[in-house]
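The values are calculated or read from the model by the stated rules, or taken from the named source; none is laboratory data. None of the values given here were measured: they were computed from a predicted structure. All Cβ positions, glycine included, derive from the backbone under ideal geometry; neighbour counts span all protein chains shown. Ligands, DNA and RNA are excluded from the accessible area calculation, which covers all protein heavy atoms including side chains. Shrake-Rupley method; radii C 1.70, N 1.55, O 1.52, S 1.80 Å.
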Amino acid sequence: MFDIFGNFEQDLEKEKKAMERVKEAEIKKKAKQYEPSWEEVWITGYPTSTGNHKKGIFQTKITGKDAERLKAVKTAIENEEIGTEVESLKKFSKSHALNLYKKLMEIRRAEIIKEYIENMPDNYHLINTHEQMEWVENMLDVAYVNGQYVGLDTETTGVEWVDRTVGVSISFMNDTHVYIPYGHVTDVPQLTQGFVSKKLKKHLERQGIKLILHNSKFDAHMLLKDGINIRENIFADTMVIQAILNENEESFALKNIANKYGRFFNYHDESLTFEELFGKNPQNFIEADMRLATYYASKDTHLTLLLFQWQLSMMEKQPNLKSVYFDIEQKITPVCIDMEDIGFDVDFHFGEEYKNELQRQVDDLEVKIKKVFGDININSSQQLQAVLYDKMKLEDVSGKRSADAKTLKKLAKKEPRIKLILDYRELKKLLSTYIEPLPQKVRPDTKRLTGVFNQIGTVTGRFSSKDPNLQNLPYKARHLFKAPEGFLIYGIDYSQIEPRTLASMSGDSGLRHPYLEGIDLYATLASNTFGLEYEACLEKDDETWRKSGLPKHPRKMMKVGLLASMYGISVPSLGESLGISVAEAQKFMDDFYKAYPRMTEWMDEVVKFAEENSYVLTLHGRKRRFIGFKETARQYHAYVRRISNLLGRKLEDSDNIWRLEIPRDLKRKFWDVKKEYSRVARQAVNAVIQGSASEIMKIAMIKVREYLKTKEGWKLLATIHDELLFEIPVTATEQEIRELEAIMIDAVKLEVPIKCDVETAQVWGKGVPFAEYLEKGMEVFA
DNA sequence: GTTCCGTGCAA
DNA sequence: TATTGCACGGAAC
């Protein structure tokens, strides 16, 4: 009986399923015939023949660059610049769109090239005869005699040390712009490199000619290979000036600056970049139509001259900035060129030995680690996380499954074998980032290792360094660099330059006191903050502070504490880094600020200034701008007032916002604004101190360069923020070294004395105090 | 090949 | 939930 019903039910079920299949088939058929709309393809998506939903292109995961490309393609198709190139929009996928982007760029490029050639301005000239060269020389003469600006730029085979100049463009104030090729691959006649170099050398090295370039260091290095030294005549570098006018600039490429500000100097052009025109391979430029090359090259110097004149007018309105450029940055450029040209002497023998030794140790550790943690790639944080947190089930102390050194050190307390990974990381980093690659990066022509120093590499005024970064070499990697036979390396560093700057600028007599008296800064600060005797705060006294109940040695606390106040650290972070409780950290900072009221007041004033002006000023008038801070500050203070009203009392900095009895939504909004406000407030105070200290160094470097000109064989090798490195003949006298030190000390007059420490070394990083070297002689290095 | 992320070095 | 930087290796596209 049940069977019958069972069968019946089964039949019914079959029937139902059959009908569903028909329905599905119909849907599929419909979907197959379905032609998605333009909107669906890009934005909303549409149903597919398999019954799934096809996502719109913008609904899929897209990286920033691709998003831009896709938008460009969409717009180009909508404007009928290109077609979709598919029969059905169903075939229009993201990858198809990205392919279309390449085509689109190709079409635009061809279009622009054609246009450039057709519309060549009649004041752009190709120079390829002796008569024309004579004409150019005449104009250079006139410009020199009349003190007129001369725009200058080189075209090259690339940006490496092995690359060479293939042509030079020059722009004159009479609106004449020329390109002189000598290394192109072309049927068009060219003057020879030797001829052009000889002629240009005569004019470009003439003392006082006012050369205007964009990224002048590059051209200076390139021209030097043809025997032309322009570094003394770089009157203005428009890239550097732009950084003084706006340190927040997204891109300092000439074309980008021109596109952004061109309307202010009557330059209307959606100019393409070199890469957009010629692709990544410089060879394409060298082989390009000479008319196009002339157009492109001439336009660059033309543009540079126009940009400079606009920048000059902007600096006239802000005299501080004008002097920051002409008194500091302009004169720093040749110092950079010197350093980049000289470089370090490398100890290849030591490098080879050390490399092999490190390699052995790394291999050894790798074997041990794989035995313990399995066959994983130790360099992969992802794989390491999986082993530590999933396989070994270690406690996630960071809350983020971190595998960084800080976290691993904590984990190592429960699992000592993690120490192997820490050791591996340390040695592997040293080997693969420094010891192995650095010796290979020496310049082929000089066999010395040169880096690039960027005078506008930071928003505060400090230098940055790259290729390689000579400012962050670990101690052990510094040993790769030595003084050549007959020379010594000298390191002269400013002692506590940032605290001194703070003491000077804030006018806090308490802060100035230890410097004026020549006693220990941190012990003095600790003495005043904790109310202990000065003597008890020196680190040789390890007893008094214990009895007083302080959590750490007061001098050590003070070192971190002062740094904390200059960086604007949060109290919990200070507690963390000192290993004390938040309450203890809070009390510490309260006491510190109370002991140095003028310093505290000054910091508040800096923030207040930033709130009112959206920028702060350094000692020499450099600006650090915080766009939008006025508004952030307004919102922040409005929230503080609102919350204070709700609480019926003043909201304190030490209040924990999350524990207050106010609406949750308000807490979140306040938290976000406060975060941004505090971040900028920290940056503002730090920018004044760091920026002013960096100016002292820059001014010192300018004066040092003049001094070195009077010495045979003395070289400035590098700047590491508060330190200068020199290569100096062993024959140098104490008197001479003291003169050099004095130049740094006297570079800028502060309200406190400035002090330097001098170190002498044969190998970088293995130096001894100068006094010790004087006493013991070369023996001291044995 | 490009780009992002995590990590780690310096003052 | 600390300022300013740059380089490397892995991973995803």
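Estimated from the Cβ-Cβ distance and a Förster radius of 51 angstrom, the FRET efficiency linking residue A:419 and residue A:652 is about 0.70. Remark: the Cα gyration tensor places the stretch A:36-151 in the prolate category, a/c being 1.5 or greater and a/b exceeding b/c.
Could you provide, to the nearest whole Å², the per residue accessible area of the stretch A:587-655 with probe 1.4 Å?
Values: 3910 Å² over 69 residues.
About 57 Å² of surface per residue is accessible.
Rounded to whole numbers, the Karplus 3J(HN,Hα) couplings from phi for the stretch A:191-202 are 6, 7, 4, x, 5, 5, 4, 4, 5, 5, 3, 4 Hz, using 6.51 cos²θ - 1.76 cosθ + 1.60 with θ = phi - 60°, and x at Gly and Pro.
In Å², what does the accessible area per residue of the stretch A:150-263 work out to with a 1.4 Å probe? Spell out each step's value before the answer.
On the way: 4260 Å² over 114 residues.
In whole numbers, the stretch A:150-263 has 37 Å² accessible per residue.
Counted residue by residue at 0.36 nm each, then reduced by the alpha carbon distance between them, the extension gain from residue A:678 to residue A:613 reaches 21.8 nm.
Placing dummy labels 7 Å off each Cα toward the beta-carbon, the span from residue A:135 to residue A:348 is 5.0 nm.
A simple spin-label model places the labels of residue A:464 and residue A:317 2.8 nm from each other, with each point 7 Å out along Cα-to-Cβ. Using Cα pairs closer than 8 Å and at least 6 residues apart in sequence, work out the relative contact order for chain A, in percent. Reported as a whole number, the value is 11 percent.
Shape summary: chain A maps onto an equivalent ellipsoid whose semi-axes, from the alpha-carbon gyration tensor, are 50, 46, 30 Å in decreasing order. The label point for residue A:546 and the one for residue A:120, both projected 7 Å from the Cα toward the Cβ, are 8.6 nm apart.
Dividing the alpha-carbon Rg of the stretch A:94-250 by 2.2 N^0.38 Å yields what? Don't skip to the answer; put the middle values down first.
On the way: Rg = 18.1 Å, N = 157, 2.2 N^0.38 = 15.0 Å.
The value comes to 1.21.
Less than 18 Å apart at the alpha-carbon level, and either on another chain or at least 8 residues along: which lysines does that give for residue A:355? Leaving aside lysines fewer than 8 places away in the same chain, those within reach of residue A:355 are A:428, A:429, A:441, A:476, A:482. For the stretch A:221-231, putting each phi into the Karplus relation 6.51 cos²θ - 1.76 cosθ + 1.60 with θ = phi - 60° gives couplings of 5, 5, 5, 4, 5, 9, x, 10, 10, 9, 4 Hz, in residue order, rounded to whole numbers and with x for Gly and Pro.
What's the extension gain from residue A:539 to residue A:776 if we count 0.36 nm per residue and subtract their Cα-Cα distance? Walk me through the numbers before you get to the answer.
Values: separation 237, 0.36 × 237 = 85.32 nm, distance 2.86 nm.
This chain segment gains 82.5 nm when fully extended.
For residue A:414, a cut-off of 23 angstrom between C-alpha atoms picks up these lysines, skipping any fewer than 8 places away in its own chain: A:368, A:370, A:371, A:391, A:393, A:400, A:406.
Normalised by the empirical 2.2 N^0.38 Å for globular proteins, what value does the Cα Rg of the stretch A:339-448 take? Show your work: numbers first, answer last.
Details: Rg = 17.9 Å, N = 110, 2.2 N^0.38 = 13.1 Å.
The value comes to 1.36.
Mind checking the dipole of the stretch A:407-446: about its Cα centre, +1 per Lys or Arg Cβ, -1 per Asp or Glu Cβ, Debye to the nearest 20?
Values: 11 positive and 5 negative charges, 81 e Å.
Here the stretch A:407-446 has a charge dipole of around 380 debye.
How much length, in nm to one decimal, is gained on full extension between residue A:20 and residue A:570, taken as 0.36 nm per residue of separation minus their Cα-Cα distance?
Working: separation 550, 0.36 × 550 = 198.00 nm, distance 6.47 nm.
Length gained between residue A:20 and residue A:570: 191.5 nm.
What the Cα atoms of the stretch A:654-712 give is an Rg and a Dmax of 22.8, 73 Å.
A convex hull fitted around the alpha carbon atoms of the stretch A:417-508 yields 182 Å³ per residue.
Report relative contact order for the stretch A:672-782 in percent, whole number only (criteria: Cα-Cα under 8 Å, sequence separation at least 6). Show your work: numbers first, answer last.
Details: 73 pairs, mean separation 19.9, N = 111.
Once normalised by length, the contact order is 18 percent.
Taking amide H as placed 1.01 Å from N in the peptide plane, the amide H of residue A:344 sits under 5 Å from that of A:449, A:450, each at least 5 places away or on another chain.
Expressed in Å, the radius of gyration and Dmax of the Cα atoms of the stretch A:204-278 are 14.2, 38. Here chain A has 51 percent of its accessible surface on carbon and sulfur atoms, given a 1.4 Å probe and all protein chains in place.
How would you rank A:756-763, A:104-111, A:216-223, highest first, on the average number of other Cβ atoms within 10 Å across their residues? Present the calculation step by step, with values, prior to reporting the outcome.
Working: A:756-763: 19.2, A:104-111: 13.8, A:216-223: 23.0.
Descending mean neighbour count gives A:216-223, A:756-763, A:104-111.
Probe of 1.4 angstrom, ligands and nucleic acids ignored: what's the accessible area per residue over the stretch A:380-431, in square angstrom? Write down the numbers at each step before the final one.
Details: 3240 Å² over 52 residues.
For the stretch A:380-431, the solvent-accessible area averages 62 Å² per residue.
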